[in-house]
Each structure stands twice: as C-alpha cells, then as structure tokens.
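*Asks:* Before I ask anything, let me first share the structure, which is written out below as structure tokens.
The values are calculated or read from the model by the stated rules, or taken from the named source; none is laboratory data. These numbers come from a predicted model, not from an experiment. Virtual Cβ from ideal backbone geometry, glycine too; neighbours counted across all protein chains shown.
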Amino acid sequence: MTKNLPNVKRPSNQQLSAVQTTDNSPTSRQLGTGEMQANQEASWHALPTQETLTQLKTGRKGLTASECQNRLDLFGPNALEGAKAKPKWKLVLEQFASPLIAVLIVCGIITVFLGHYVDAAAIFLVLILNAIIGYVQESKADKAVEALTSLASPTTRVMRDGVSATIDAADLVPGDMVLLESGDRVPADLRLIETLHLKIDESMLTGESEDARKQTDAVQADAALGDRTNIAFSGTMVTSGRGQGVVVATGSDTELGEINDLVHVSKGMTPLQKILKRAETGIAIAVILVAVFVFIGGAILEGNPAQAFLSAVSLVVASMPEALPIVLTVAMALGVSRMAQYNAIVRSLPAVETLGSITVIGSDKTGTLTQNRMSVEQVAIGGGQAQQVEKLSGDPSQETAFRSLLKAGALTNEAHRATDEQGRTVYSGDAVDMAMARVADETGMVSREDLGSTIELQTPYEPEILHSMTIRRSSDGRLTQYVKGAPDAVMAMCQTMQDNQGQPVPLDTDAIHAAYEQMGSQGLRVIGVASRSIDPDDELQSHKRAHDMTFLGLEGMLDPPREGVREAIADCAQAGIRVIMITGDHPVTAAAIGQRLGLEHTDQALTGSEMLGMSDEVLAARLRETSIAARVSPQDKLRIVETLQDQGEVVAVTGDGVNDAPALKAASVGIAMGESGTDVAREASDVVLTDDNFVTITQAVRQGRVTFKAIRGSAFFLLATAAAAMIAVGVNVIADMPLLFLPLQMLWINFVTNGVQDIALGFEPGDGDELNSPPRSGSEGLLSSILWVRVAVCGLWMATCVLVLFHMSVISGMDLAQARTLALTLLVLFNFFVAMSARSQNKLIIQLNPLDNKFLLLASIVALGIHAGAMYWPALAGVLGMAPLSLTQWVLCLAIGLTVLIFSEGDKS
C-alpha cells in the first residue's frame, strides 16, 4: 500500500513547527501536528486532486526553495537505504561454528602432536576449503539493493518558485510538483494532477505486460496497486504522453522503497543446512562417546592409558566423516555444472540441493509462464462465434470478412515496425496496437500498400472516449474511416455489421454482446473494430466524430502461454510439486491463463484484497484450495511465500520484476529470468534461467534431486564404514583381545577406504527416475530410515566379520601382524563393495552401469591397488605393521567381503 507523507519519517513537534508551506499565496503558515495526523489516514489515490494539494500544503506552481530545504531537512533525501553488512570477522568465525568442525579441529591438533602430519594436513585442508567456500558465499555483497537504487532517476524536472527547473532527484520532497514526459523515469511516488495521453510501464511492480493508462480522478481507497491509475510510482518508466504530479512519498516511503526494505528479509536455513546441522551434532556426539569408551576401556583393561589414548584419537580420526563438507561441495559444484547445461545458472551453492527439495513453486506469470507480449487469440466476425486465429484459413468463404476485420485493426494503429539484424519484424508501442498489427501481418490480411496509405485524420485512444479513430486515403484516392476500442463504444457508432461473407447486415447488439461476454469470460481483452467508406470530397472534420459505421467484429487478446510450460507443470505434478501462479493481473485473466496451463482449482482465485482481512491460518487454508493468486502486491507475494514456508513447504519463487525481489529473496530458492528479468530480480535470486523458460525449472529440480542422492550415497558410505570401525574397535577393547588395529593402521583405513571414494560418489549421475516420486519429507534427515537401518546392519555385519576373522586367525597361531593385515584387508574390501552399493538407494548393483561413474570405479580400484602395494612393499609394510597375504587369504577376504551386499542390496526394490 502506498504510504502517506508523515510515514516517511516520524518528525518531532519541533520539526513540524519548522516546516513552512505555501499555497502560492502571499502568506504561508505552519503545517500543524493535527493536520499531519490527518494525513496519516489519507490514501492519496482516493483523494481528489485539490484535496491532495491542500493536505500537502502546495500548489500547481510548486514549493519555494526555502520551503523545499526545510522539508528536505525534515524528511531526508529521496534515496533508498541499504542494509548493514555483517562484519567480516564474524563471517570467518561462523564457518567454524559447527560441532563437527570443532571436533575435527581438535583431532587435527592432536594428530599434529602424534606426529601424523600428512593426516593433520588433510584434515586442516578440508577445514580451510570448507571455510573459504562458506565465507565467499556469505560475504557476497548484496547487490539487490544496488540494483534497486539504479532505478532511481538521477535528475528530474519540477516546478520551483513558479518556474520549471531541473534538479537532482535526491532533492525531491513531499509537495514538490514534478513534470513528466515520454522517456522519463518516475523519480518518486506522485499523485497525478494533469495527464495528456500518459502511459507508464509498471510491469516491474505489477507484472502486467500492458502499459498503464493514467488519469487524475480519485479511485477506491482499497484499489490494488495495478488499479491506482492516478498514481505514478517511483522507478517506473513513462512510455508515452505527458503529465504532472505532486510528490506524495519519497525514498524508503515509496512503493520501490518498501520493496527495498522487504529485500532485506532473511532467507533462513535451507533444508540441507538444517539436516547437516542435526547430522553434524549427532555424529560428533556419537564419535566422542565411542572414543571416550575406548579410552576408558583400554586404560582399565590393558592398564596402558597412553596407548588407550592413542587408540581413541586414532578411532576419532578414522571414524569422523571429515570429508563430508568437501563431498557436499563437490556434489553441489557438479550440480551447478549440470544445471548450466540446461540454461540454469546457480548463484548460491546450497540452492542446487534445495531445488530438489521444493514442494511448491510460486511462479510469476508474465514472461515466465507466458510470452510477455499480447497476442490476438480469437476473433469474431460481426456478432458471430469466436474462432481461434490459427484456424482462420479453414473457411475460404470467410476470408473477406476476416481480412476486413484484421486490416481495420492494423490501420487505426500506432504500433511501429522495424527490422532487426536477422531480418525479422520487431514491433514497438502500445501492447494492444502491437498485437493487432502483428496478427494482421502474420495472417497476410494487410498489405504494404495498405500500410502506406496516407493518414488524413487521427484521434488517439483516450479513456474518456474509449476508442481510437483513423481516416486513411488509399493510392487511388478512396477514403476509409477505421475505429477500434471498447465494444460498447464502437457499437454505439454503428448502424450495420458485416456477416460471415463480409456483407453488411442490420446490427445485432445482442449477438455482439454474447460473443463479447463469451470471449471476456476466458480472460481475453476484447476490442471492437468498425469501418466505413467516406466520399473523397467530404469535409474531413465533419467525420471526426465517427457515425454510421459497419461493425466488423471483435478481436480477443491475451498474453499467450510459453511453449512447453503446460507439459512442465504436468511434470511438476508427477514429481509431487504444486505450482501456484502469483500475478498482478485481473483474476479472470489469471484464471484463463491457469486453465490453459493445466493448473488446478483456477475457479477459486485468491486476490490481494481478500488477503487484507485474512489471518495467516485462513490464508494457509485458502492456498491449499487454489493455484491462482491474482491482483497481489509485492507485500502480498512475500506473505504468501512466508505462509507456505510456515506450513513446512519448501518454496521456490520465479520472477523477473522489481515487484518479485522480496519474494525471491525470502523463498527457499529464488529463480529469476535472465533475458527479460531486471537486475534487481537477478541479484535477489539464487538461480537465473538464461532462457526465461519455466520448462528449465523441471530439469533444475531433477538435477537438485540427483545432487541430494549423491550426497546421501556418500553419507551412507561414510557412516557405514565409520560404524564398522567404531563397533569393531569398541568390542575389541571390551573383549580384552590383542589390539585389533594399530593407530597408524586406523589412519591408513581412513586414507585408503574413505580417501577419494566418498568424493567420487558425488559424481553419481542419478537413476533417471528422479521426477517420478514426491519430494522427500521435511522430517527426513541426511539419511532415510531405510538407509539408517542399512548403516546399522552393514556396520554391525562388517565389524562382526572383521572381529571373527581376526580372532580365528589369532587363536590359530597366526602372526599378529598377519592377522591384523587380514582383518584390515577385509575391511578395505568391505568398503569397496559398500561404495559400489551406495551409488543408488533403490537400484541393484547389477542394474547400474559401472562406467556411468568412471571416477568412482577408478578411485576404488586405485585404493585397492595402493593397499596391496603397501602390503608387499617391505619398507611401507614395516611402518604400517602389515604383512603380505597369500592368494588363498585374498580369496577368503574377497568371498567374505561380497557378503556385505546381502545386507546393503537385500532391501532394494
């Protein structure tokens, strides 16, 4: 809602008494506190022009220079305020705030004291890399505000001291009188007091593709933003005509300023960030408890606290999934690369995974679901039935009538034609004129000779007369008068109408009204067209008021849906994602578009005016019943997003205008248009679609789900192997058996089994069925319940087999180094097979092509080779306490290692 003058800043009584005003009279008086209070209740668009000037204590000749200075001191400059940046030192510290990172720091320090410098370096490298990535992401300057400020006009023309002057727009104050003309950017919110054919492009605020026609009469106090036809909003662009308006709001108090304030809202944590926070805490606590248990048990049973301490620390380092942060980074970076191939540029890494979690898409209409251009969709000859434009050539007998209709629409028309570098015709001007010119050109109903005819008299469209008129003279001297406009206004000028063969018949207003209402019920903007021949010798001024016309028919136009969007919405439904269209358009128009796109519950459109009196609970219920939100303001759109998020939904929002920026910033994922989008929308977003196509979102969602599957597979592998190590070492301590693994061997396990295989799992390309299932539940953690069971069962089985093999080897008299090597090799092979199984949560290994993830296959084979090489290289084997294995022992380990697949694959569908 447009804020009022006193809401810009709350001045004190002393400040109020300092404001001197003028009404262009010899005397001036103070703007009193009571009058300022009265202004607080004013809705500038609902006040008559003279009352607006009176309340603002100004006049048509503007303010005096001294008075402007007083008001500038009182209300401040006409500029947007920026948000305070978070201190860099705080950003750095926040990167080390998680429990998992804290434990790893401690482990890294301890490994330095233990002399394991390579492992310490690896740990600290991961920590530093993770911190750098987090810092870079969070310290990016918020350029959305900078983009918003770029919409401010640097200078503007005003009336000061009774004369026209050009001033810095920042010096504007409430009460200033601003002069507008075509090409100007509106410098502040203005209540218009004079207009002449004034049209303003407000699409960045309202999302409507058609320029807004402006007038000066008061409108309803509860009028939606797009219906405030007497207000010129800051940052919008004058496309034609001239006007004069008084400043009613400046700086942060304008509609643009309010959007600027809303852009500063906090997005909150992404689903993955929430999951990781829980997982990190749980993992850190579990590993520390097991390490403490191992230390106490070893110190008591073995009586060697120093050795027990080394074993406990080694267990922590081996069990802690310190590679998880880098796995996440690699998986998301790969997701960024894959999405770029589908024309989706990711600006924030977490958005990659969050896209796969979304449950609702709140989509802008204009330019995203539709083509952002008016197009003639249907035509009706005379009072006949409406027909689709693409089917006009179906009946040759009607070609004459159709030609007359479409030709007339193109010849009383102010659209401009130009040719681009590719030789295509480019149209500019009023959206309706462009649509009518384009359909006539594309159907071949107007010729170059027709367009070259001389305009003898012309009346442009005015809201007061509801039509435009043009009289043209052809090359052979014939005069024809053409009229187009509101059907009722055009019918009032007509005596006859054409039939399907183009012949004049008596006017049937009932039939025309029926066709008009039928087209209007589909959300089409309907224009009536008429023509007549004029005697070449007549005085043209006598025909300025059109009469005795023949009604040619109706043209119904709409911003048409983009190709493929309907199918993409169906794909979203299959993937369990609701699509809600959020637009500033009229509800009937929005519902018509929604029906064409295949949205559900389009007959129950929610409107901004309805939302005013709704509680959040009622709004949440309404949003479950409809897929259309129409005539909404930026504040309404933001409230819709926040209400859905409060209901547990993961919300993606698309948009291209300034009005979309607050919702883009607050959404779980903000998706901006790259071609048609404003800088403001792009800078407030997480993802930019370079092709402006909603269809791209479905591919981005799929890649997001692929990314999470890869992260989940890596996490399953890390946790299953960590569980096996913890259980085996813990039981070994309790059983008072010989030390299962030496501390250095524990670190070796960490290097060989988890070194690159966990990262390689991040390269998994997915199963291809990601869009065939609903989004995962918000209550689900890093692993699903099924995967947690697999972790427990696989970890327990691997630990049991390792312990039994070690125990049997020891009691059989095998050398301790040989027994440890046998157990260590078995654990390495177990991890090899678990890594292969972790590629998919649902598909069996035999259903997966091993070459789909060549990096994992190569990494696993190399890991086995390194382990075998260390075993047979005497120098390294001696350092690690390992001994060579025979072929029989390798076969035994391989046979036992394969058994883990029974537990990791057995419950897959």
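*Asks:* Just to be sure before I move on: is I811 in contact (Cβ under 8 Å) with a residue 60 or more places away in the chain and of a type in the set (V, I, T) in the structure I sent?
*Replies:* No.
*Asks:* Taking the stated definitions as given, is R820 part of a helix (DSSP H, G or I) and of a type in the set (K, R)? Before the answer, list the steps.
*Replies:* Values: part of a helix (DSSP H, G or I): yes; of a type in the set (K, R): yes.
The answer is yes for R820.
*Asks:* Something else: I'd like to know if segment 821-838 contains one or more residues that are assigned by TED's automatic domain parsing to the domain that holds Q745 and over 23 Å from A725 (Cβ atoms).
*Replies:* no
*Asks:* May I ask you to list pairs of residues, at least six apart or on different chains, whose Cβ atoms are under 6 Å apart, with the first in segment 467-482 being of a type in the set (D, E, K, R) and the second being in a strand (DSSP E or B) and crowded, with 21+ Cβ neighbours inside 10 Å?
*Replies:* If the second residue must be in a strand (DSSP E or B) and crowded, with 21+ Cβ neighbours inside 10 Å, the pairs left are R473/L479.
*Asks:* Yes or no: D433 modelled with pLDDT of 90 or more, surrounded by 15 or more Cβ atoms within 10 Å (Cβ to Cβ) and closer than 19 Å to D201 by Cα?
*Replies:* Against the criterion (modelled with pLDDT of 90 or more, surrounded by 15 or more Cβ atoms within 10 Å (Cβ to Cβ) and closer than 19 Å to D201 by Cα), D433 qualifies.
*Asks:* Would you kindly identify the strands (runs of 3 or more DSSP E) lying entirely within segment 363-428 that contain at least 3 residues that are in contact with a Leu (Cβ under 9 Å, 6 or more places away or on another chain) and crowded, with 18+ Cβ neighbours inside 10 Å?
*Replies:* Passing ranges, in order: 375-381.
*Asks:* Need pairs with beta-carbon distance below 8 Å; first residue in the same structural domain as F717 (by TED's automatic domain parsing) and within segment 857-871, second among the polar types (S, T, N, Q) and part of a helix (DSSP H, G or I); sequence gap 6+ or separate chains.
*Replies:* That search, which allows pairs on different chains as well, returns A859/Q757; S860/Q757; A863/T753; A863/Q757; H867/T825; M871/T821; M871/T825.
*Asks:* Just checking, which of F741, F708, F716 is crowded, with 23+ Cβ neighbours inside 10 Å, in contact with a Lys or Arg (Cβ under 8 Å, 6 or more places away or on another chain) and not in a helix (DSSP H, G or I)?
*Replies:* After applying the criteria, what remains is F741.
*Asks:* When you check D510 against the structure, is it among the charged types (D, E, K, R) and over 20 Å from L405 (Cβ atoms), yes or no?
*Replies:* No.
*Asks:* If you check A652 against the conditions, is it touching a Ser or Thr at 6+ places or on another chain (Cβ under 7 Å), assigned by TED's automatic domain parsing to the domain that holds D616 and crowded, with 24+ Cβ neighbours inside 10 Å? Steps first, answer last, please.
*Replies:* On the way: touching a Ser or Thr at 6+ places or on another chain (Cβ under 7 Å): yes; assigned by TED's automatic domain parsing to the domain that holds D616: yes; crowded, with 24+ Cβ neighbours inside 10 Å: yes.
Criteria met by A652.
*Asks:* From G674, G704, grab the single residue that is more than 24 Å from F763 (Cα to Cα) and either in contact with a His (Cβ under 6 Å, 6 or more places away or on another chain) or in contact (Cβ under 8 Å) with a residue 60 or more places away in the chain (or both).
*Replies:* One residue alone meets the criteria, G674.
*Asks:* Go through segment 760-787 and give me each residue that's in a helix (DSSP H, G or I) and touching a residue at least 40 places away in the same chain (Cβ under 8 Å).
*Replies:* Restricting attention to segment 760-787, the residues satisfying the condition of being in a helix (DSSP H, G or I) are 760-763, 770-772, 785-787.
Passing the criteria: A760, L761, G762, F763, E770, L771, N772, I786, L787.
*Asks:* Restricting to segment 243-259, name every residue that is closer than 21 Å to L638 by Cβ and either of a type outside the set (G, A, S) or without any contact (Cβ under 8 Å) to a residue 12 or more places away in the chain (or both). Show your work before the answer.
*Replies:* Initial filter on segment 243-259 (closer than 21 Å to L638 by Cβ): 249, 251-259.
Result: D253, T254, E255, L256, E258, I259.
*Asks:* Here's another thing I want to ask about it. Run G878 past the list (1) closer than 19 Å to L744 by Cα; (2) surrounded by 15 or more Cβ atoms within 10 Å (Cβ to Cβ) and report the number of the one that doesn't hold.
*Replies:* Among (1) closer than 19 Å to L744 by Cα; (2) surrounded by 15 or more Cβ atoms within 10 Å (Cβ to Cβ), G878 violates only (2).
*Asks:* Turning to a different aspect of this structure: Cβ-Cβ under 8 Å, sequence separation 6+ or interchain: first residue in segment 504-519 and in the same structural domain as M493 (by TED's automatic domain parsing), partner β-branched (V, I, T). Which pairs?
*Replies:* P504/T496; P504/T550; V505/T496; P506/T496; L507/T496; Y516/V526; M519/V526
*Asks:* Let me spell it out: the conditions are (1) surrounded by fewer than 24 Cβ atoms within 10 Å (Cβ to Cβ); (2) touching a residue at least 60 places away in the same chain (Cβ under 8 Å); (3) not in a loop (DSSP other than H, G, I, E, B), and R790 meets all of them except one. Which number is the exception?
*Replies:* So the condition that R790 fails would be (1).
*Asks:* Go through segment 837-856 and report how many residues are free of Cβ contacts under 8 Å to residues at least 60 places away in the same chain and either farther than 20 Å from I759 by Cβ or loosely packed, with under 15 Cβ neighbours inside 10 Å (or both).
*Replies:* At the first step, the residues of segment 837-856 found to be free of Cβ contacts under 8 Å to residues at least 60 places away in the same chain are 846-851, 854.
Applying the additional criterion that residues be either farther than 20 Å from I759 by Cβ or loosely packed, with under 15 Cβ neighbours inside 10 Å (or both) yields 846-847, 849-851, 854.
Number satisfying all stated conditions: 6.
*Asks:* Any idea how many residues of segment 188-201 are under 27 Å from the mean Cα position of the chain (by Cα) and at pLDDT 85 or above? Give the steps one after another, and end with the answer.
*Replies:* Initially, segment 188-201 is screened for residues under 27 Å from the mean Cα position of the chain (by Cα), giving 200-201.
Imposing the further condition that a residue be at pLDDT 85 or above reduces the set to 200.
Here the count works out to 1.
*Asks:* Of everything in segment 326-342, what is surrounded by fewer than 18 Cβ atoms within 10 Å (Cβ to Cβ) and either in contact with an Asp or Glu (Cβ under 7 Å, 6 or more places away or on another chain) or not hydroxyl-bearing (S, T, Y) (or both)? Give them in sequence order.
*Replies:* Result: A333, A340, Q341.
*Asks:* Further, regarding this structure: Determine which member of the set T607, T583, T550 is modelled with pLDDT of 90 or more, polar (S, T, N, Q) and touching a helix residue (DSSP H, G or I) at 6+ places or on another chain (Cβ under 9 Å).
*Replies:* T550
*Asks:* Output yes when any residue across segment 455-469 is more than 25 Å from H197 (Cβ to Cβ) and assigned to a loop (DSSP other than H, G, I, E, B), and no when none is.
*Replies:* No: segment 455-469 contains no residue that is more than 25 Å from H197 (Cβ to Cβ) and assigned to a loop (DSSP other than H, G, I, E, B).
*Asks:* If you don't mind, another one. Which numbered condition in (1) out of contact with any Asp or Glu (no Cβ under 6 Å at 6 or more places or on another chain); (2) within 18 Å of A715 (Cα to Cα); (3) of a type outside the set (D, E) is the only one that S840 fails?
*Replies:* With (1) out of contact with any Asp or Glu (no Cβ under 6 Å at 6 or more places or on another chain); (2) within 18 Å of A715 (Cα to Cα); (3) of a type outside the set (D, E) applied to S840, the lone miss is (1).
*Asks:* Let me ask something else about it. Could you say which residue among G564, G556 is in contact (Cβ under 8 Å) with a residue 12 or more places away in the chain, small (G, A, S) and closer than 25 Å to V490 by Cα?
*Replies:* Result of the check over G564, G556: G556.
*Asks:* Still on this structure, I have one more. So S240 clears everything in (1) surrounded by fewer than 22 Cβ atoms within 10 Å (Cβ to Cβ); (2) at pLDDT 85 or above; (3) over 27 Å from D636 (Cα atoms) except one condition, right? Which one?
*Replies:* (2)
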